[in-house]
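Here's the structure we're looking at; comments come further down.
The values are calculated or read from the model by the stated rules, or taken from the named source; none is laboratory data. For clarity, every value in this text was computed on a predicted model and none was experimentally measured. Positions of Cβ are generated from backbone atoms using ideal geometry, with glycine treated the same way; all protein chains shown enter the neighbour counts.
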Amino acid sequence: MKRGAVVLAAWALLGTASIAAAEEPSKNEKAWNDQAELSFVNTTGNTKTTTLAGKNLLAYKFTPRTVGSWKIGGLYSKDGGRTTAENYATELRFDWLYTERIYTYVLGGWNKDRFAGIDQRYYGGGGMGYKFLLGPRHFLAGEAGLNYTVEEYIDGSDSDFLTGRAFAKYEYAITRKNRFSQSLEYLYDFSDSAHYKLNSETALVASLTDIFSLKAGYTVRYDHKPVPAGLKQTDTVMSAALVANF
């Protein structure tokens, strides 16, 4: 029941956003863009491992000030025939830009990471954002908002709570096509001060052609109070991926 409520609430928010955004995009610019990432590692012989990871971000500009996006991603790793890592996620989001710097957003998503104790997680909410730096070389944006979260754990227990969200992302344009970025997200459970999470991603993108790039990334996920309690608090992923922009 809790899970259905949060899913319906998230879809209601996103449905309202899509209706409000139903205007023609500007004819002078591309309405949509897609960014896909794929990395694959396979070793045989003395060591038999397979790792497959992918992400896709599809964005559509309904108006010059209204953007919708859909993000999906997953990672699967096997070592010697045994699954050692597996997580999947998807998120829908709408942004409204009120001025050059100020914007609001609503979002809803789901993710699964059994090796981190999460059998299912559903969330939905919204907030405000501010663009502190607008370029041309330095970009910095910050966001603050609230999510309603439902978590189902691998030990059969579950929890639902109001989450405070703070997010910041910095980008540095090394050249016109090569970029460095650093993002940090903080999630706080208002019902339990010891239950908070930190998510960080560091990335360097080097362009190969107008479409393809190489991306080196380092992701850190920290859960101060994981469930079950015996799990490690920190998960890290270091990756190298081929990126395609359309």
Hey, Leu208 hits all of (1) of a type in the set (A, V, I, L, M); (2) surrounded by fewer than 18 Cβ atoms within 10 Å (Cβ to Cβ); (3) under 21 Å from the mean Cα position of the chain (by Cα) but one; which does it fall short on?
-> (3)
Those residues that are in contact with an Asp or Glu (Cβ under 9 Å, 6 or more places away or on another chain) and under 16 Å from Val237 (Cβ atoms), I need them from segment 79-115; list them, please.
-> Ala85, Glu86, Asn87, Tyr88, Ala89, Asn111, Lys112, Asp113, Arg114, Phe115
Kindly list the number of the only condition in (1) of a type in the set (D, E, K, R); (2) within 24 Å of Gly135 (Cβ to Cβ); (3) part of a strand (DSSP E or B); (4) modelled with pLDDT under 95 that fails for Lys177.
-> (3)
Restricting attention to segment 143-174, which residues are over 19 Å from the mean Cα position of the chain (by Cα) and either assigned to a loop (DSSP other than H, G, I, E, B) or within 27 Å of Phe132 (Cα to Cα) (or both)?
-> Ile154, Asp155, Gly156, Ser157, Tyr172, Ala173, Ile174
Selected residue (criterion: nearest to Ser159 (Cα to Cα)) from residues of segment 188-218 that are assigned to a loop (DSSP other than H, G, I, E, B) and of a type in the set (Ser, Thr, Tyr) | Ser191
Considering (1) surrounded by fewer than 17 Cβ atoms within 10 Å (Cβ to Cβ); (2) more than 22 Å from Gly230 (Cα to Cα); (3) small (Gly, Ala, Ser), say which one Gly129 fails and leave the rest.
-> (1)
Checked against (1) surrounded by fewer than 14 Cβ atoms within 10 Å (Cβ to Cβ); (2) touching a strand residue (DSSP E or B) at 6+ places or on another chain (Cβ under 7 Å), Ala173 satisfies every condition except (1)
Scanning segment 219-246 for residues that are of a type in the set (A, V, I, L, M, F, W, C) and in a loop (DSSP other than H, G, I, E, B), the one surrounded by the most Cβ atoms within 10 Å (Cβ to Cβ) turns out to be Val227
When you go through Gly45, Gly81, Gly68 one by one, which is the residue that is over 19 Å from Lys215 (Cβ atoms) and in contact with a helix residue (DSSP H, G or I) (Cβ under 8 Å, 6 or more places away or on another chain)?
-> Gly68
